[in-house]
Amino acid sequence: MAAVISLSNAKVYQQGQLVLNNVFLTLEQGEFAYLVGKTGSGKSSLLKVLYAEIPMAEGEGNVADFNLRKLSKKQIPFLRRKIGIVFQDFQLLMDRTVIQNMYFVLGATGWKDKKKIHNRSLSVLQLVGVEQKANNFPHTLSGGEQQRVSIARALLNKPQLILADEPTGNLDIETSEEIMDLLLALAKEENTAILMASHDKSIIQKFQRRIITIADGELKESE
């Protein structure tokens, strides 16, 4: 199995402050892992380093075959095409329909052929079970449906890696469990690595997977 994330002796700084020290992390293709830690422990900062929102200043780091230390500004969009990002607050464009949200992302990542754009958009909406909402505006959807759309958007470019930042944080328990079933199925069927930041203990207990804990500025593997 190829490693999709490989960090070695990395340090993570946020606004000049050292947030995480001595970071070693490997995530294989198709593997699902939780990233847990108290609020403010550095979970979001680590995710931002992985998708190059925060530059990696020290240590070694590779994500989806890109070297984070040698990454130029021009390369960042190419790295992000290999990464799908799912946010707690969905971050959908409210002035466009669900399928237009998909068109927008594909257009922004270099797709030109309108038919291919439409077909890919429809296929990811089918994959997450919301194709019947394609022409709805996001505000007419439930929270769970909006999160499914957000996962569909993350899948558009067939990413090697999905980074999910508290994706069940705004959802009730039943909907959260549906979203978890969906993410775990995607890891398995699409062979996508998924790193999910969460402090939803009931979800982590029910869907047991590898747990990476951030404590005292360092990463630790939990049993």
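Annotations
- Across the stretch 71-117, the qualifying residues are those that are assigned to a helix (DSSP H, G or I) and aromatic (Phe, Trp, Tyr), and the one among them that is nearest to Tyr51 (Cα to Cα) is Phe78.
- Beta carbons closer than 9 Å, at least 6 apart along the sequence or on distinct chains, pair a first residue in the stretch 132-146 that is of a type in the set (A, V, I, L, M) with a second that is in a loop (DSSP other than H, G, I, E, B) and surrounded by fewer than 18 Cβ atoms within 10 Å (Cβ to Cβ) for Ala134/Thr97.
- Residue that is modelled with pLDDT under 95, touching a helix residue (DSSP H, G or I) at 6+ places or on another chain (Cβ under 9 Å), of a type in the set (D, E, K, R) and over 22 Å from Thr39 (Cβ atoms), where the choices are Glu178, Glu166: Glu178
- Within the stretch 32-46, if we keep just the residues that are under 8 Å from Ala197 (Cα atoms) and over 12 Å from the mean Cα position of the chain (by Cα), the residue that is modelled with the highest pLDDT turns out to be Val36.
- Of all residues in the stretch 1-17 being out of contact with any strand residue (DSSP E or B) (no Cβ under 6 Å at 6 or more places or on another chain) and either of a type in the set (D, E, K, R) or in a strand (DSSP E or B) (or both), the one that is farthest from Ala193 (Cα to Cα): Gln17
Condition check ((1) over 13 Å from the mean Cα position of the chain (by Cα); (2) free of Cβ contacts under 8 Å to residues at least 40 places away in the same chain) across all residues:
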| residue | (1), (2) |
| --- | --- |
| Ala152 | no, no |
| Glu166 | no, no |
| Glu177 | yes, yes |
| Asp181 | yes, yes |
| Ala185 | yes, yes |
| Thr213 | yes, no |
| Glu221 | yes, yes |
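- The residues listed here are Ser198, Ser202; of these, the one that is touching a residue at least 12 places away in the same chain (Cβ under 8 Å) and surrounded by 18 or more Cβ atoms within 10 Å (Cβ to Cβ) is Ser198.
- Odd one out for Tyr103, checked against (1) in contact (Cβ under 8 Å) with a residue 60 or more places away in the chain; (2) surrounded by 18 or more Cβ atoms within 10 Å (Cβ to Cβ): (1)
- Within the set Leu71, Leu18, Leu7, the sole residue that is modelled with pLDDT of 95 or more, more than 23 Å from Ala152 (Cβ to Cβ) and of a type in the set (A, V, I, L, M) turns out to be Leu7.
- Strands (runs of 3 or more DSSP E) contained in the stretch 150-223 and holding at least 2 residues under 30 Å from His118 (Cα atoms): 161-165, 193-197
The values are calculated or read from the model by the stated rules, or taken from the named source; none is laboratory data. The model shown is predicted, which means the values in this text are computed figures rather than measured ones. In this analysis, Cβ positions are derived from the backbone assuming ideal geometry, glycine residues included, and neighbour counts consider all displayed protein chains.
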